[in-house]
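Read-outs: derived from the displayed coordinates by stated rules, not from any lab. All values reported here derive from a predicted model rather than from experimental measurement. Cβ placement follows ideal geometry from the backbone for every residue including glycine, while neighbour counts extend to all protein chains displayed.
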Amino acid sequence: MSTAVASAPTKPTAPRPTAPGRRRRKGRVAAWLRAVTITVVCLVVALPVIWMIAAAFKTNVQVTDPTVGLIFSPTLENFRNALADGAILRSLGNSLIVGVVSTVLSAVIAVPAAWAVGRFSMGRTGSLVLVARIVPAISLLVPWYYLFAQLGLVGSYTVLVLSHMFVSVPLILWIMIGFFEGLPIELEEAARTDGLSAFGAFLRIALPLAAPGTASAAVLAFIFSWNNFLFALILADENTMTMPVTLFNFISYASTDWGGLMAAATLMTIPVVLAAVFGQKYLVAGLTAGATKG
């Protein structure tokens, strides 16, 4: 008579995660890491700006006191003192005039030049113009000052606009060369077949398509002009002084008016922020243009 031997019960094993499950888990980890990275980068970028704005509403004692953080009794005295003599408003107007005029003139010169370089394979010419962007501007200030002093232009808006254009033209040119190279040449060829000249095809076809790139290049050139300190320090006078030089006047040998400096810096930042906010759509379109080329 045979006896049945009962087998020991086996412990159930947990099911292995499927490939889609592993991918979802990796996706969640990657999303979490991206969120942490973006948060850290935003804090690194935003904290100095937050500190600047907060310091604009503090007294000099509070600014230099490390125990005073973001919780304090704000004051508008720094803004009143900064705006009292009208120097800040005059400098803001000067910076606006120089920045807008130099950017517009640079775009008028550089955009058609970039189209010609991109369409007619003048790569050497583009590289030669880029050399002007590489040359340190400080090395040109002495001959510039001598030349413009002989012409009686030192202290005028003209000398500031021309000096800023020396950097803005190569900047816009180099950005726009890649943009025009990314545009389909077939559209211009079709326009020329219909009777337009090469420059007419540029004006009616290429230029409207290049509007986002032109806007992004112009915003970057304006920001450079707005923040430029060295040219105005040497070539401007008290009537054409721009904002960066006016900010420098808050620093003296004996002490620094930190509250007034931060208040003036906050006022200086507002136009650039507004330009970036209103031109954000064109900036994104222009800076990503050509990403799908080929």
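Here are the numbers:
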| item | result |
| --- | --- |
| For the stretch 77-217, with +1 on Lys and Arg beta carbons and -1 on Asp and Glu, the positive-most of LEU153, ALA210, ALA113 along the dipole | LEU153 |
| Inter-probe distance in nm under a simple model that places probes 7 Å from Cα toward Cβ, at LEU76 and PHE229 | 3.0 nm |
| Sites matching GluC sites (Glu not before Pro) across the stretch 183-262 that sit in DSSP coil, with at most 12 neighbouring C-beta atoms within 10 Å | GLU238 |
| Point-to-point label distance, LEU151-VAL104, nm (Cα→Cβ direction, 7 Å offset) | 2.0 nm |
